[in-house]
Amino acid sequence: MTTENTPPSKSAGRSQDIFAADQTFASLGLSEPILRAITERGYVHPTRIQADLIPIVLSGKDCLGQAKTGTGKTAAFALPALHMIPKDSALSVLILVPTRELAIQVAKEISEFAKFSGHQVVPIYGGQPISTQVQKLERGPAIIVGTPGRVMDLHERRVLSYENIRYAVLDEVDRMLDIGFREDIRRILGSLKNHPQTVFVSATISPDIEKLARQYLRDPEKIVTAAQSLTVSQVRQSYFAVERWDKRKLLLHLLRKEEPALTLVFCRMKRTVDEVTLFLGKNGIDAHQMHGDMYQTKRDKVMVKLREGGLSVLVASDLASRGLDVDDISHVINYDLPEDPEIYVHRIGRTARAGREGVAWSFVCPDQGDLLTSIESLANIEIPVSVYDDFVPGQVPADIHAQRELDQTRRQNSMESKSRNPLANKPDATDLTRFPGGLVPTQAPPKRLGGRLTTRRR
């Protein structure tokens, strides 16, 4: 819940699937210091995931919650934590997130909600000197927000104790499983003492998440606020049919023509992130990049620029983009269509935060029709095609053109060969008139009879 919480009455109906207009935060049973912080930030009505999840957590139950990206999941699990945990408690809440950026973002947001309650929040993640984090943990903060790897490291060093953990949260569980944290999660949850109250939150709930929940959640409540679609209705989605070699040219055309306020461009590979950023820079677009191979200090500088409005185009990989909960992202461009449809849901959730409008464009190559269909099926939407009449595709690259001509020649030669040799095609085994006496060969005749023999190496 990092964006302005506009009441539905001011949203002209656009936020009806996000906000619970019939409730206020005061009606959810939260303490006065928390309500003060909420009011100071200008929030009035909770989102639906907040209205559903907060009372369940306050009742002491475990919970598995699903909600669209950008609908306030952080506040949904953080506000009841601040309400339940005593002010002077140490290491009582553990929140696991998939990436460094998300750890920083979530910790920052919780700290703002804890402004009047006095709870200390510390993010722990890789890429930062471990000594610095050790010093912060030694002060006994109430809430820890960390990535699984660094949490395990600090626990093994006997710096981070699980002894007093009363409340545990797994944020963006689907993404943590996607990027290989399954065993780390099992080790951490399996080491927690006395089974603390545990909450899983995710944009999507897969069978793997269900299995994990059955193992580590105790008689949980399941909340699904995804309504009819997994994507927020305020995101105007469309795709462009484009050849692979024209993608950079189309991207430049869109940025120049539309002049979006703040654009997030997603690429599959780190190398592509670098190439696209360099290309845009050479063509007068002030683009910045973010991926996993960058030093943490450089990534932090990019994030500061992003939040302060110092950049207009950010080219990023999926992993590096986690935690980019920035208010003003107006456009998301899927430069590379993700192979996993669930990633698409996360990507476009970076825009249209909490009732705002946003735009999501996807570049779809000729061989990616099935992938587009899979995305539409998961999200339960039909993504329309967009066309710019003034966009002129580039010439087919010489190597691609040569390969196409070679393939065409091979096809023609094959067809001509078949037409000259009627026995090249294997006879229908049910047609007993093709050979005298009703004898049907089980393989092509020998070469001397005009047939073909195909040998295979074993």
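What are the aspartates and glutamates whose alpha-carbon lies under 14 Å from the alpha-carbon of K61, with same-chain residues fewer than 8 places away excluded?
D52, D219, E221
Can you pull the one-decimal nm distance between simple spin-label points at A90 and Q120, each 7 Å off the Cα toward Cβ?
0.9 nm
Distance between Cα centroids, region 332-399 to region 166-212: provide it in whole Å.
Each part's Cα centre sits 29 Å from the other's.
Please state, rounded to one decimal and in Å, the Kirkwood hydrodynamic radius that region 8-224 gives when every pair of distinct Cα atoms enters the mean of 1/r.
Details: mean 1/r = 0.0572 Å⁻¹.
Kirkwood hydrodynamic radius for region 8-224: 17.5 Å.
How long is the gain from D208 to R182 if the chain were fully straight, where each residue apart is worth 0.36 nm and the alpha carbon distance is subtracted?
Once the chain is fully extended between D208 and R182, it gains 8.4 nm.
Please state the equivalent ellipsoid semi-axes for region 153-309: what are the square roots of 5 times the Cα gyration tensor eigenvalues, largest first, in whole Å?
Square roots of five times the eigenvalues give 39, 22, 14 Å.
Please report Rg over Rh for region 235-379, where both radii come from the alpha carbon positions and Rh follows the Kirkwood definition. Please list the in-between numbers first.
Values: Rg = 14.2 Å, Rh = 15.2 Å.
Dividing the radius of gyration by the Kirkwood radius yields 0.93.
List the GluC sites (Glu not before Pro) within region 348-390 that DSSP assigns to loop and that have no more than 12 neighbouring Cβ atoms inside 10 Å.
Numbers: sites: E357, E376, E382; in loops: E357, E382.
The qualifying sites are E382.
At what distance in nm do the modelled label points of V387 and L58 sit from each other, each positioned 7 Å from its Cα along Cα→Cβ?
5.5 nm
Order these by the 10 Å Cβ neighbour count, fewest first: W361, W245.
On the way: W361 24, W245 15.
If I rank by nearby Cβ atoms, fewest first, I get W245, W361.
For a 31 Å ceiling on Cα separation, which of these pairs sit above it: K108/K249; K68/K247; K249/K298; K87/K305? Let's see the in-between values first.
Details: K108/K249 38 Å; K68/K247 29 Å; K249/K298 28 Å; K87/K305 34 Å.
Correct reply: K108/K249; K87/K305.
Coordinate-derived values only; no laboratory data. Quick caveat, the model's predicted, so the values are computed rather than measured. Methodologically, a virtual Cβ is constructed for each residue, glycine included, from the backbone with ideal geometry; neighbour enumeration extends over all protein chains shown.
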